[in-house]
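Only one structure is covered here, and it is reproduced in the block below.
What follows draws every value from the coordinates through simple rules; no lab data is involved. Everything numeric here is computed off the predicted structure, so don't read it as measured data. Reconstructed Cβ throughout: ideal geometry from the backbone, glycine too, with neighbour counts over all protein chains shown.
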Amino acid sequence: MCGIFGYIGERTNAGVIVIDGIKNLEYRGYDSWGIAQKHEGCILVEKNIGKISEVDTLNFQQRCSAAIAHTRWATHGGVTQTNAHPHTTTKRHIAVVHNGIIENYEVLREELKKRGHTFLSETDTEVIPHLIEEEQKITPDFASAVRSACHKLEGRYAILAMDTSSNTLVAARTGSPLIVGVAKNDGYFIASDIPAFLEHTRTVHYLDDGEMLVTDGSSILFTDLKSGEERPKRNIEITWTVEQAQKGNFDHFMLKEIMEQKETIARAVNQNEEQISVIADAIRNAQGTFLAACGTAHKACMAAEYFFSVIAEHHVNVTSAGEFKPYHHFLKPESLLIVVSQSGETADVLEAMYIAKSKGAKVLAIVNSEGSTIHREADYTLLINAGPERAVASTKALTGQMAVLILIAYTLAGKLHEGKMLLLETGSMINDMLNPRYLERIEKLAQKLKEEEDCYIIGKSWNYPMALESAIKIQEVSYIHAEGFAGGELKHGPIALIEEETPCLVLTGNDEVAIDIISNATELKARGALLIGIGPKNNDIFDEWLKVPDAGPAQAIANIIPIQILAYYLAVERGKNPDMPRNLAKSVTVK
Ligand code: M6R
C-alpha cells in the first residue's frame, strides 16, 4: 500500500537514486508517482498519474543530496496528479510522502482551514505538511515540529518529510513499515521495503512502531515518537541479494516466482529441527490453537486445518485475520495464535496478533519477509525463505507456507523426518514438472480459455482451499470471474451456474476423498461443463487433464502450481500485466 523511498547523504544525485529505487517498490501501488528534491535551497516537486516504471530516471539529474519519492495506491481521493504525493505546504517549504491512513484528517483539515491553510487535494496526507507548518510557529526546529504534528495524527501511517530550512529527512511510523538502509560514509536510505535500496546496501535498521528518526545524511537518531527518548539500534545484515529481487530473463516477476518453486519448497523445509519441535510442543500444550491470515496466506491456513487433522489428528481453528476480532472471547494466556504472512506487514494480520497478545496468548509467525513487523514482534517465528516476492499475485510464498505448515503437522505427529522426506520429494517432483513442455501445454489451454467470462474450480479436503486459492489467482491477474467451491457443496446451489461448456477445474488427489470429487465432477459433466482435471490421475470424464505428481499429503502444493501457470498465461493472453493487477497492491498495510 504505497511505497516510500528517500535518500540523504554524500551523493549529489539523490533524484536519480530515489527514482531508481522507488521503481523497485512499484508492487506496493502503481496508480501515480511523485518526487521532491532539495535543490539550491528549494524543494522541486514533480508528480503524475501512471506507473513509476515508465518514468525516465534521466529527467532527475539535478544536483541534490536529498530527495523523497512515492508510488501510490489510492485510498483517499481519486487517481489524479493533484492527489499524487508528495504533498507540500503552499509555499512549498515542507514536503511529505505518506503510506497509511490519517483517520482524523477531516477534523484537522477544518481546523487548519480556519487558520488560513489552503488545500488542493482530496487526500488525508495533505494535512500533514500544513500541520507541521503550524507546529513550526511554536517549535521552529523541523524535527520537533514533525514530532508535535504526529502527536495530533490518528491512524496507522509511515511518513517521510523534508523541508527547506534544515538539512534533514525526518520519518515517523505508527503501523506502516519503514526501514533504513545504512551506507557507510555515504548516507541513509529510508524505504517502505528493502528492495528499494538493495543495490546500495544490505545493512539495515528497522524503525519500530511509535518511533521517529532524524538524519542529516552523516548520522541518524532514532527516538520514541511520544517521549523523545533515544532508541538505540544495532546494524542488521540482510541476506537477500539484488538478483533475487530482479526479474532476470523473465518477462514478469509472476512467472519468475512460479519457476522458483523448483527450489523454494526445499528452502522452506530447511528449518532448525529443535526450533520446530519447540513449536510443535507449544501447539500440543496450547489450550486452543488459532490460525489467522489474509488472502492467499489465509488459504494456506485453511489447508493447514486439513494437514493438522489428517497428519496429526489435531484440531486448530482457522479464520481470516480481518474476521479475527470476535474470536478474542476464546483466547486465554494458554492459547496460541499462528499468523501466516508473506510480507509480515498486513494490517489485519498485525491486528489479530495484537489482539492475541493483549489476551496474554503466544504468537507464532510464519513469514517470508525477514525483519518485518510480524516477524519481529511474534513470540516464535519460522521463515519460509522464499526470497523476495515481487509479483502482486502470491505464488512461491503460498507453497512455502504450506510446506512449513505440513512440516509442523508431521512434527506434531512425531514424524518430523517423514514430513521432511515427503516435502523434499515433492520439491524434486515439482522441479521435474516445471519444464518448458509443461508450460507450453498450459499456455495452449489458456489460449483456449481466454475468452471465457466465468470459470469454476472444485476440490475437497486440502484441495478445497486450493480451489478458493485458484479462484483468487485467476481473478486477480486475468479478471475472469472465477469461483472455488467444495465439491460436495455444488448440489446445494452453485450447480445452477453451470451451462454447456462452462469451464470447471477439478482438483484431485490420491487421497480418501478421491472418489467423492470425481462423483462431484460427474454431476458437473452431466450439466454440460467442460472439465479440466488437475491431479495425479486422469479420468474418462475429463475433457483436458493437467498431470501433477502424486504428492500424498503435500498434494495441495503440487496442484496449485499448474493453476498459477494457467492464471499467468490467461492474463498474458488477455493482454493484462500479471505483475500489476488493477486496483491491487502487494502489501496491504491498511485495514
Ligand atoms: O503479505 P501477506 O501474505 O500477509 O498478504 C496477504 C494477502 O494480501 C495476499 O496473499 C493477497 O491475497 C495476494 N495478492 C494474493 O495473490
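Annotations for the structure displayed:
- Once backbone amide H atoms are built at 1.01 Å from N, residue 76 has 124 as its partners under 5 Å, excluding neighbours fewer than 5 places away on the same chain.
- Inter-probe distance in nm under a simple model that places probes 7 Å from Cα toward Cβ, at residue 550 and residue 527: 3.2
- Mean separation of Cα contacts under 8 Å (6+ apart) over length of segment 67-112, as relative contact order %: 31
- When the Cα atoms of segment 175-306 are aligned to their principal axes, the ranges along those axes come out at 53, 46, 29 Å in descending order.
- Using the rule -39500 (n - 2.57) for each DSSP H run of four or more residues, divided by the residues of the chain, the 222 nm mean residue ellipticity is -11000 deg cm²/dmol.
- Close amide H pairs (under 5 Å, H built 1.01 Å from N) link residue 39 with 44, residues at least 5 positions away or on another chain.
- Along principal axes, Cα extents of segment 208-255, largest first, whole Å: 49, 21, 19
- Residue 510 paired with residue 199, simple spin-label distance in nm, labels 7 Å along Cα-to-beta-carbon: 4.8
- Shown is the FRET efficiency for residue 332 and residue 273, computed with R0 = 25 Å from the Cβ-Cβ distance and rounded to the nearest 0.05: 0.30.
- Filter on 114/226; 299/537; 491/525; 256/591 - keep pairs with C-alpha separation over 21 Å: 114/226; 299/537; 256/591
- Overall shape of the chain was characterised from the C-alpha gyration tensor. The equivalent ellipsoid obtained from it has semi-axes of 44, 26, 22 Å, in decreasing order.
- In the distance distribution for segment 272-407, Cα-Cα pairs more than 25 Å apart total 15 percent.
- Label-point gap, in nm, between residue 379 and residue 42 - each point 7 angstrom along Cα→Cβ: 5.8
- Cα-based equivalent ellipsoid of segment 3-237: semi-axis lengths in Å, sorted from largest, via gyration tensor: 24, 21, 17
- Highest to lowest packing among 453-464, 546-557, scored as the average C-beta count within 10 Å: 453-464, 546-557
- Take every pair of alpha-carbon atoms less than 8 Å apart whose residues are at least six positions apart; their mean separation over the length of segment 3-237 yields a relative contact order of 20 percent.
- Dipole of segment 399-506 [Lys/Arg +1, Asp/Glu -1 at C-beta], most positive-end residue of 475, 492, 459: 459
- Eigenvalues of the alpha-carbon gyration tensor of segment 437-578, scaled by 5 and square-rooted, set the equivalent ellipsoid semi-axes at 21, 18, 13 angstrom, largest first.
- A Förster radius of 45 Å combined with the Cβ-Cβ distance from residue 82 to residue 497 puts the calculated FRET efficiency at roughly 0.55.
- Of the DSSP H helices in the chain, those whose Cα atoms cover at least 27 Å axially and whose Kyte score averages -0.5 or more: 555-573
- Remark on residue 547: its backbone amide H falls under 5 Å from none of the residues 5 or more positions apart or on other chains, H modelled at 1.01 Å from N.
- Once the Cβ-Cβ distance of residue 224 and residue 246 is raised to the sixth power relative to R0 = 35 Å, the FRET efficiency obtained is 0.40.
- Antiparallel DSSP beta bridges within the chain, percent to nearest 5: 60
- Scoring 493-505, 16-28 by mean Cβ neighbours within 10 Å over their residues and listing the highest first yields 16-28, 493-505.
- Difference of contour (0.36 nm per residue) and Cα-Cα distance, residue 56 to residue 284: 76.5 nm
- Remark: the residue 154-residue 537 segment gains 132.3 nm on full extension, using 0.36 nm per residue and subtracting the alpha carbon distance.
- From most to least packed by mean Cβ count within 10 Å, the peptides 132-142, 348-358, 189-199, 240-250 give 189-199, 348-358, 132-142, 240-250.
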